[in-house]
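Enquirer: My questions will all concern the structure given below.
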Amino acid sequence: MEYASQDDAFLGELKNLGWKRRASRAWTCEQDAYVLVDVQKSNFGPDWFVNIGVQFHSLSSGDRPRLERCHIQIRANRFFDAFPELAGSTPEEARLIAQEIEPSLKALGQLAEVRKNASEGKFSRGLVLTEARVLIGL
């Protein structure tokens with residue numbers, strides 16, 4: 001498939017991998033949580049930001065996931081040790097980035113994986129709401 005931009009290629013590839021997509025957002029419903037990815041263009045330059053959200057089923061009312069309602073919110077470049085930037089990448093490179101990180105993103109829908117990442121300090125540079133801190137043991 002031919003994509004016109006990096007964000008479209010990135011999110012389009014997640015959709016090809018089974019995620020749902022609407023506008024600049026893609027999400028998947030896993031065992032313990034929704035995992036949401038939102039791609040945002042900077043207003044101040046060529047940068048693109050990939051935001052990750054985790055919305056736990058046990059802590060939510062079952063509404064469709066929205067980044068601002070997620071119990072954990074973090075930028076991809078703060079979660080992944082070596083996250084390549086979408087800015088300056090070709091649509092094909094953005095598609096490959098999505099393929100590479102998708103299994104790790106999807107795993108965030110499992111409470112055990114979230115706890116493992118929390119114990120490794122992966123969420124220390126993101127937002128973790130109080131009720132999520134209790135659930136994951138932070």
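Enquirer: Restricting everything to alpha-carbon atoms, can you work out Rg to Rh for the range 55-138 with a Kirkwood hydrodynamic radius?
Expert: Numbers: Rg = 13.9 Å, Rh = 14.0 Å.
Rounded to two decimals, Rg/Rh equals 1.00.
Enquirer: Sticking with this one: Under a Cβ-only charge scheme (Lys and Arg +1, Asp and Glu -1), can you give me the dipole magnitude of the range 6-136 about the Cα centre, in debye to the nearest 20?
Expert: With only Lys, Arg, Asp and Glu charged at Cβ, the dipole is about 420 debye.
Enquirer: Further question on the same structure: Just to be sure I understand: with springs between alpha-carbon atoms less than 10 Å apart, which residue in A98, A107, A23 has the highest mean-square fluctuation in the Gaussian network model of the chain?
Expert: A23
Enquirer: To continue, here is another question. If I fit a long axis through the Cα atoms of helix 91-107 and take the longest principal axis of the Cα atoms of the chain, what angle between them do I get, 0 to 90°, rounded to 10?
Expert: The angle comes out at about 10 degrees.
Enquirer: Before rounding to the nearest 500, sum -39500 (n - 2.57) across all DSSP H runs of length at least 4 in the chain and divide by the residue total; then give [θ] at 222 nm in deg cm²/dmol.
Expert: Numbers: 5 runs with 48 residues, N = 138.
Theoretical 222 nm ellipticity from helices: -10000 deg cm²/dmol.
Enquirer: Please identify, among G45, G109, G126, the residue showing maximal mean-square fluctuation in a Gaussian network model of the chain using a 10 angstrom Cα cutoff.
Expert: Among G45, G109, G126, the largest GNM mean-square fluctuation belongs to G45.
Enquirer: From zero up to wherever the largest Cα-Cα distance of the range 48-98 sits, split into 10 Å bins and tell me the percent of pairs in each.
Expert: With a bin width of 10 Å, the distribution comes to 23, 40, 28, 9.
Enquirer: If one computes the Cα centroid of the range 4-22 and of the range 25-56, what distance in Å separates the two points?
Expert: Centre-to-centre (Cα) distance: 11 Å.
Enquirer: Assuming R0 = 22 Å, what is the FRET efficiency of Q110 and L138, from their Cβ-Cβ distance, to the nearest 0.05? Kindly include the intermediate steps, with their values, before the conclusion.
Expert: Details: r = 17 Å, r/R0 = 0.76.
With a Förster radius of 22 Å, E is 0.85.
Enquirer: Using only alpha carbon positions, build the gyration tensor of the range 1-124, then give the equivalent ellipsoid semi-axes as the square roots of 5 times its eigenvalues, largest first, whole angstrom.
Expert: On the way: eigenvalues 107, 49, 36 Å².
Over the Cα atoms of the range 1-124, the ellipsoid semi-axes are 23, 16, 13 Å.
Enquirer: While we're here: Roughly what would the spin-label model give for L17 and H57, points 7 Å off Cα along C-beta, in nm?
Expert: If labels sit at L17 and H57, their model points lie 2.1 nm apart.
Enquirer: Neighbour counts of other C-beta atoms within 10 Å: give me R66, R95, R125 arranged from fewest to most. Present the calculation step by step, with values, prior to reporting the outcome.
Expert: Values: R66 14, R95 22, R125 11.
With the fewest neighbours first, R66, R95, R125 line up as R125, R66, R95.
Enquirer: Let me ask something additional. Below 19 Å Cα-Cα, how many Lys pairs turn up in the range 6-136? Only count pairs eight or more apart in sequence, or on different chains, if you could.
Expert: Values: K15/K106; K20/K106; K106/K116; K106/K122.
So the count of such lysine pairs works out to 4.
Any read-out appearing in this document is the output of simple, stated calculations on the displayed coordinates, not a laboratory observation. All values derive from a computational prediction rather than experimental measurement. A quick note on method: Cβ atoms are made from the backbone with ideal geometry, for glycine too, and the neighbour counts reach across all protein chains shown.
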